[in-house]
1. Of (1) more than 10 Å from chain B (Cβ to nearest Cβ); (2) within 27 Å of residue A:110 (Cβ to Cβ); (3) surrounded by 15 or more Cβ atoms within 10 Å (Cβ to Cβ), residue A:91 satisfies all except one. Which?
2. Determine if segment A:59-75 includes at least one residue that is more than 10 Å from chain B (Cβ to nearest Cβ), in a loop (DSSP other than H, G, I, E, B) and not acidic (Asp, Glu).
3. Given the structure, is residue B:410 surrounded by fewer than 19 Cβ atoms within 10 Å (Cβ to Cβ), closer than 17 Å to residue B:482 by Cβ and in contact (Cβ under 8 Å) with a residue 40 or more places away in the chain?
4. Which residue pairs have Cβ atoms under 7 Å apart, sit 6 or more places apart or on different chains, and have a first residue in segment B:23-46 that is more than 8 Å from chain A (Cβ to nearest Cβ) and more than 16 Å from residue B:65 (Cβ to Cβ) and a second that is outside any helix (DSSP H, G or I) and hydroxyl-bearing (Ser, Thr, Tyr)?
5. Output the number of residues of segment B:113-137 satisfying the condition of being under 26 Å from residue B:158 (Cβ atoms), part of a helix (DSSP H, G or I) and out of contact with any strand residue (DSSP E or B) (no Cβ under 9 Å at 6 or more places or on another chain).
6. Please find, within segment B:884-896, the residue that is nearest to residue B:783 (Cα to Cα) out of those that are out of contact with any Gly (no Cβ under 9 Å at 6 or more places or on another chain) and surrounded by fewer than 16 Cβ atoms within 10 Å (Cβ to Cβ).
7. For segment B:68-90, indicate whether the set of residues that are within 14 Å of chain A (Cβ to nearest Cβ), free of Cβ contacts under 8 Å to residues at least 40 places away in the same chain and either over 30 Å from residue B:355 (Cβ atoms) or not in a helix (DSSP H, G or I) (or both) is non-empty.
8. Which of the residues belonging to segment B:735-760 are assigned to a helix (DSSP H, G or I), touching a residue at least 12 places away in the same chain (Cβ under 8 Å) and under 26 Å from residue B:543 (Cβ atoms)?
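The values are calculated or read from the model by the stated rules, or taken from the named source; none is laboratory data. Owing to the predicted nature of the structure, the values given are computational and were not obtained by experimental measurement. We place every Cβ from the backbone using ideal geometry, glycine too, and count neighbours over all the protein chains shown.
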Amino acid sequence: MSDRKLDVLRPTAGAAGAPMLQGTLDLMVLKTLETMGPQHGYGIARRIEQISEQALSLNQGTIYPALLRLCQRGWIRAEWGTSENGRRARFYSLTRTGKAQIGQETENWERVAATMARFLVRSE
Amino acid sequence: MSWLRMAISRCLAMFRGRTLERDLDEELRSHLEMAVEENRQRGMSEGEARRAALRSFGGVTQVRETVRVGQGLPFLENLRRDFGYALRQMRKSPGFAAVTVLTLALGIGANTAIFLLTYSVLLKGLPVPHPGQLVLYRFAKGDTTLGLSYNLYEALRERQTATSDVFAWASDATKVVENGHAELVPMAIATGSIFRTLELHPYLGHGFDEQAGERGQPLRPEALISYNFWRTHFHGDAGVLGHTLRIDNTDVPIIGVLPRGFDGISPEEHIGILLPLSFERVLHPSGAMIDNPGAVWLQVMGRLKPGVTLAQARAALSASDRQITDAADPQHMFLGTGLFGDFKLAVEPGRNGASTLRTEYGKPLLALEALCGLMMLLCAVNTALLILSRVSGRLHEFAVRSALGAARSRLIAQVLMETALLAIAGLLFGVALGWALARALVTMLTPIGHPALIDVRAGAGVVFFAIGLSIAAALLAGLWPAFRASRTAPGLDLKQAHAQRQAGSLGRWIIPTQVALGVLLIHAALLLTATFTDYAKNTAGFSNGVTFVRLRLENDNWNDQTQARKTLEIAEDLENTPGIRSAALMNMLPMHNFLSTSNYFSRDPQGNVHQNRQVWLQEVTPGYFPAVGTAVLQGRAFARSDIAGDAVCVISQSAAAYFFPGEDAVGRTITAGQSDGDPKHQSPCRVIGIAQDARLESLLQPAPMAVYALIEQEHTSFPNSILAVRASSYGLAAEAVRREAAKLLPAAPPPTLETFDQLVDENLSQQRLLSSVSGGFALLALALVAAGLYGVLSRAVTERRREIGIRMALGAQRDRIVAVLARGAAVRVAIGVVAGAALALMTAHLLQSLLYGVSVGSFGVALATLGILLGVLMLAFVIPASRAASIDPMEAIREE
């Protein structure tokens, strides 16, 4: 568990705009797949952009290393399929361990966010 | 666990590298297409839509590279590239590759062979569960160990506390088995407790009952057969149970098949049939050893109770030793007196059973292992030298690559890959070679006409050993050159001259290392060979040309006297056969590690008992001395007329010196029996001759003091029918013996014949193994050391061609050039010789116990070692030196 906490605090390289924490993107991807079901890379990227309302200026490309990482951890799996407009695309979906992981990651993130919030309140 | 998954997926990537890359490209393309399409639908023009898509994606190449690294692809790519490059390098110089592979293969092969032997003889445990818990009970005095008598076994079984149970086993019985036809089948007899003690679960059927085979139990003849015997004689038929075997006119039903792989309690044993111990009474109806409290013939093993160590078992045994021997021999008739006076019960590790090979070959094999290790080191060093010379030839290339930005680790990886390929090839050839060598060695150790002594079968252990060895060799041989290659200073090495100077110093450590190892190996080989020849040239009081024969004259209708008479007839008939010079009977085969002793004493002229001791008693017929070739030095040998007269004997030189010190023994009397015993049990005999000392026990044992008596004066029956025949040729002797035996008893199995040479061979198989294997190593070492020096010098000459040319142009004489070269070589060789001599001195004590007739410190052997080594090195020096001397200065300088 402890290594994951550290993970969250390590800034990710390659994201332009607002600095992003690693683990943030992973959780976003997992959450997206949970609500939308199997989805291709472009779909996931667009969804994250929409939800964050452009607050994060995320380079769409950065989700691919994240997707590979999640695949290698066994949390998601990839399959070739056909997109809604008939294009061949790779679809990602949650695995059973991935689904279980979401709860944990969410909890993790909430704890960090809460700590951060407390910290910010006190120092004001 | 996620790191493990990561590692696994990266490994899998190795096999799907190309697919992964194609997939990634397609995925990214499809992503961009989707973005472009969406942008177009929002009303952008084609070009605008594409630009916007690329912008929001970020750097495509960067993402692509990040994912590829994540998948572990560049690493694999490098590996693949190094592999291809290494293959091309090997193809480019097949000579170099062949020599390197051969060097490694020889080293690995020799090591695998010796390790296979060591493994089979010393390391492999019995094929039963938890062999490490097994112990072996012996009756021992110092290094001499004997088996146990049945009485001892019984007393031990009742009183010992350290082992859960013990069983007794004897396997020297080999008898005719009638299963359709007569055949000699190796077999063993054992008590029923063997099955529980060894945790043996028969492959088919069931084992003996717990108490079966014990002396007090009624004998129920039952047999288990070994898995191999079942396959060869019953074609693996499951209906074998209930079949009967006919053994010594007794029907024995088969009740089970022993577990596969278990065919004896030592690696050299391959029994076909297992019978209850008390079956021995059927095998030897007159004089069964099971009923003889003085016969120490049983192998007794036990399994330590859980948690009990060998040391605890030893302590427990020495505490109850007295009680056990008292229980086994209450009157002290046999144990604790006479021959067995100093023998005590002992317990030894029984992991690999009751192996005589282990005691016999343990030390020699360990010595060979050590020599092998040195050999391997030498091979690795030579390989390092070969690769180093290749690398130094390519320093320019490495410098260029390094200047172009190649990382140091990449250069190391590439040289290591080349070494790894060579090592793999060396491993494959080496293992094949080792296999063949091990088989050849086993054949060498196995007495002629016997089944293979041990089963050379590789377990996982041997395979791991060979692989480990190759990896070690490859690292040893490859790391140094790889390191050298990576240390290129581009600025300097790009200038040819510097590169050459660097390369010239490569042999600085290699030559001394090689010479030192060579000194060690050659020295050891010379010592071991000297030992062998010293044993072999000493015919030990016998002379070549004699054939020993064991007759099997067993006929149920003959009584002992008839058999004795028939045996004597054969000997007489043989003596009268043309071409046969003499033939004689004896009670004991010489040089077979048997023991035949009797107590004798002499009286001084005043009639007082003078000397009194156990001596070797050899009972013979009159033709013995001419037949075996033992010279009679004083007095005379036996004559036929002696048989009818008073008791006479011939004694050996050392016995004469002992019983009659400083006096003439001929004509004096010595008496068999105890000097303080009943005169009725004493039998005096007159000494008629003094014979030279003969090594009756074994070539490896000193000649015992011996008394030769006439068999016909002593006995009316003699069950051991052993003949010595001296004929003009072996073929003639064999032919005559077979004819006589067949005439007398046509149905008997043919007699066993053994020539003196075979006997010597068998006696010296250990020394022969040591001397021939170490001799092989020494020759190989010489070749490697010479090749090493030759290689280093001839490269030096090539590289310093220009320098030599300039020196000559400036007026240096040719002999001066050669002297410079010689000085460099001599210093390195001298360092090696000194180091080798120091190492040889330090390891001397390890070798001494294997030597005979020569000492480790022998000046002659040391001188011979140096002579041989320097002689060969001189040859290796002459060729490059003469090339250096014949350099044409003008040509050399004009080059470049």
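1. The number of the failed condition is (2).
2. Within segment A:59-75, not a single residue is more than 10 Å from chain B (Cβ to nearest Cβ), in a loop (DSSP other than H, G, I, E, B) and not acidic (Asp, Glu).
3. Answer is yes for this residue.
4. Going by the 7 Å Cβ cut-off, there are no qualifying pairs.
5. Adding up the residues that qualify gives 1.
6. B:886
7. yes
8. Selection gives B:736, B:737, B:738, B:740, B:741, B:756, B:757, B:758, B:759, B:760.
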